[in-house]
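Some notes on the structure that comes next.
The values are calculated or read from the model by the stated rules, or taken from the named source; none is laboratory data. Treat the numbers as computed from the prediction; the structure is a model and nothing was measured. Here Cβ is always computed from backbone atoms with ideal geometry, including for glycine, and neighbour counts include all displayed protein chains. These area figures cover heavy atoms from the full protein model, side chains too; ligands, DNA and RNA do not enter into them. Shrake-Rupley method; radii C 1.70, N 1.55, O 1.52, S 1.80 Å.
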Amino acid sequence: MTTHAVALVWFRRDLRLTDNPALQHALEHARHIVPVYVHAPEEEAPWQAGAASRWWLHHSLAALDGSLRKHGSRLVLRQDSSTAALLALAKQTGATLVCCNALYEPATLKRDALVRRALDAKGIELAALHGNVLVPPERVKTAGGTPYRVFTPFLRALQKEAARIEKLSKAPRKIPSTTQWPDGIELARLELIPLIAWDTGIAAAWKPGEATALQRVRQFERRAIHGYIEGRDQPGIDGTSRLSPHLHFGEVGPRQVYVALSSGSAQSEVQRKKFLSELGWREFAHHLLYHYPHTPEQPLDARFARIRWSRDKRRLEAWQRGRTGIPIVDAGMRELWRTGWMHNRVRMIVASLLTKNLHIDWRVGARWFWDTLVDADLANNTLGWQWVAGCGADAAPYFRIFNPVLQSQRFDTDGDYIRRHVPELARLPTRWLHEPWAAPPDALRTAGLVLGRDYPLPIVDLKLSREEALRSYRAALEPKRQRKG
Ligand code: FAD
């Protein structure tokens, strides 16, 4: 085993000390460790972190620095190109080893290849471990050696690989530091948090950092998992783990979540299985993005590139601001704006309304999510939007279009979610809450509500726009048949 005097641990989206393969590797192969974070957002272009993600990153870096200090170390922050920063730090500290956990997006893969070449040229070793996914995306293949495009067989193959997960590593008791700390910049200099305080709702909803992430896993394992199948589709209750931003920033690794939820009581087995399959969707998303790197910009199914989308700015803005006049959609978009997160069922409903009723390009919606979600993740976001638009791998068929009123009645039956996020409708009887435009005048009067004044009338006719979407999808997918017809 080679021993290096000094190793840099290059933290990226693995902002934790527990079960962090890069940190573990450095501890095993070097006598002194220098933890580093390089802020180089342009290297992730065109998908550099949005505003909500930057907020999270700021607090997560502060939390990581705090835990490193408790372990006798600290986080060195640099703002430069990754190559320049790492080379400079290696020179200053005498490091001959750089350890990181691999990322699989097109921009980060390209960047990491450049870094590897530059370090190589100086005789510095780059060790890229796997800590951000359960199984590296290149390892899961069909019998024919091709990538999977259908979820169920992918999940089966993934589970076989995941069963081989070895023991997790604990957080080290101490991180051997260097005698000479290289200089770094202050976190505030990265300007990740807003000057105007639009983040109060986000700050009230979330606490970034490894300690909270681990606590959330424990809480979920104790409580919500027992009713996950029934609860996961109800946006009005706390029925899911809300681990997505913690997983995105690697404050907890997928292996830790997988192992924690793999065992438990026999009664919870079916629930745990369902949860692990959702974690499997995250793996599937990373697998797809790795094998089809064009998909954040182009539909996986190329036939969908022919669809003509609307550029109606007024409608787009109504959707973004939660002013469409369709309560479940407005509740979701307002939850997103205020807290930086939206329930999965509602993500599907709002995405469906944007693409199938407002006929606005899924990429426009994906961009809005990208800027406003604290869990914005290129792989998951691309998969989610292409799934709803019907143009991705194993997606919903294009003719299956969500009816937001029926969805609302089914999944927010008592209207708790709508009332929480659209308070102007709170006094409306539940019967009309899902479609206030259908309420009789006296119900509106009693609720003190004038539609068009206190709450918008629907900006779109759900039935007509659905038919229009079907025509437009059909025209794109079956151009020959259309011409003949
Ligand atoms: P849980 O139900 O507790 O699931 C546990 C974990 O499994 C999640 O944290 C997540 O990492 C993973 N997971 C669950 N469902 C999915 C899914 N459908 N696809 C991929 N991974 C999943 N998720 C993101 O993390 N980032 C995004 O940018 C994102 N954009 C989305 C856009 C659209 C249009 C849609 C429909 C879904 C999107 N999702 C995204 C997936 C999903 O909505 C969230 O992962 C989930 O709501 C997070 O809540 P949770 O942690 O409580 O989930």
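On inspection, Leu316 passes the criterion of being in a helix (DSSP H, G or I), in contact with a strand residue (DSSP E or B) (Cβ under 7 Å, 6 or more places away or on another chain) and away from the ligand (no atom under 14 Å from the Cβ).
Within region 228-265, the set of residues being in contact with a Leu (Cβ under 9 Å, 6 or more places away or on another chain) and open to solvent by 30 Å² or more (accessible area, probe 1.4 Å) comprises Ser244, Arg255, Tyr258, Val259, Ser262. Residues that are under 23 Å from the mean Cα position of the chain (by Cα), at pLDDT 95 or above, over 29 Å from Ala95 (Cα atoms) and of a type in the set (Asp, Glu) occur in region 212-234; there is at least one.
Considering the conditions (1) in contact (Cβ under 8 Å) with a residue 12 or more places away in the chain; (2) farther than 18 Å from Asn403 by Cα; (3) within 15 Å of the ligand (Cβ to nearest atom); (4) outside any loop (DSSP other than H, G, I, E, B), Phe304 is excluded by exactly one of them, (3).
Specify the residue that is farthest from the ligand (Cβ to nearest atom); the eligible residues are those in region 334-357 that are small (Gly, Ala, Ser) and assigned to a helix (DSSP H, G or I).
Taking the candidates together, the pick is Ser352.
The conditions of being within 17 Å of the chain's Cα centre (by Cα) and of a type in the set (S, T, N, Q) are not met by Thr324.
From the list Leu77, Leu103, Leu86, Leu126, the lone residue that is hydrophobic (A, V, I, L, M, F, W, C) and part of a helix (DSSP H, G or I) is Leu86.
For Ala5, are the conditions met, namely being over 28 Å from the mean Cα position of the chain (by Cα) and open to solvent by 30 Å² or more (accessible area, probe 1.4 Å)? So that I can check it myself, show each step before the final result.
Details: over 28 Å from the mean Cα position of the chain (by Cα): yes; open to solvent by 30 Å² or more (accessible area, probe 1.4 Å): yes.
Yes.
Taken over region 104-135, residues that are within 21 Å of the chain's Cα centre (by Cα) and either open to solvent by less than 10 Å² (accessible area, probe 1.4 Å) or among the aromatic types (Phe, Trp, Tyr) (or both) amount to 5. Among all positions in region 358-370, there is at least one residue which is open to solvent by 10 Å² or more (accessible area, probe 1.4 Å), in a helix (DSSP H, G or I) and within 8 Å of the ligand (Cβ to nearest atom). Tell me, please, whether a residue that is modelled with pLDDT of 90 or more, β-branched (Val, Ile, Thr), touching an Asp or Glu at 6+ places or on another chain (Cβ under 9 Å) and open to solvent by 30 Å² or more (accessible area, probe 1.4 Å) can be found in region 178-200. Yes, there is a match, as at least one residue in region 178-200 is modelled with pLDDT of 90 or more, β-branched (Val, Ile, Thr), touching an Asp or Glu at 6+ places or on another chain (Cβ under 9 Å) and open to solvent by 30 Å² or more (accessible area, probe 1.4 Å).
Scanning region 235-259 for residues that are away from the ligand (no atom under 12 Å from the Cβ) and either part of a helix (DSSP H, G or I) or within 13 Å of the chain's Cα centre (by Cα) (or both) returns Arg255, Gln256, Val259. Listed by first and then second residue, the pairs linking a residue in region 402-422 that is at positive phi to a residue that is open to solvent by less than 10 Å² (accessible area, probe 1.4 Å) and at pLDDT 95 or above, with Cβ atoms under 6 Å apart and 6 or more places separating them unless they lie on different chains, are Gly415/Leu433.
Evaluation of Ala331 against the conditions (1) under 19 Å from the mean Cα position of the chain (by Cα); (2) more than 11 Å from the ligand (Cβ to nearest atom); (3) in contact (Cβ under 8 Å) with a residue 40 or more places away in the chain shows that the sole unmet condition is (1).
In this structure, does Trp387 turn out to be aromatic (Phe, Trp, Tyr) and either closer than 24 Å to Asp238 by Cα or touching a helix residue (DSSP H, G or I) at 6+ places or on another chain (Cβ under 7 Å) (or both)? For Trp387, the condition - aromatic (Phe, Trp, Tyr) and either closer than 24 Å to Asp238 by Cα or touching a helix residue (DSSP H, G or I) at 6+ places or on another chain (Cβ under 7 Å) (or both) - is not met.
Tell me the helices (runs of 4 or more DSSP H) entirely within region 380-485 that contain at least 3 residues that are surrounded by 15 or more Cβ atoms within 10 Å (Cβ to Cβ). By residue number, 404-411, 416-421, 462-477. Of everything in region 14-34 that is open to solvent by 10 Å² or more (accessible area, probe 1.4 Å) and of a type in the set (S, T, N, Q), the residue that is nearest to His71 (Cα to Cα) is Thr18.
Selection of region 194-214 for residues being of a type in the set (A, V, I, L, M, F, W, C), under 13 Å from Ser244 (Cα atoms) and part of a helix (DSSP H, G or I) yields Ala213, Leu214.
Report yes if Lys207 is in contact (Cβ under 8 Å) with a residue 24 or more places away in the chain and under 20 Å from the mean Cα position of the chain (by Cα), otherwise no. Criteria met by Lys207.
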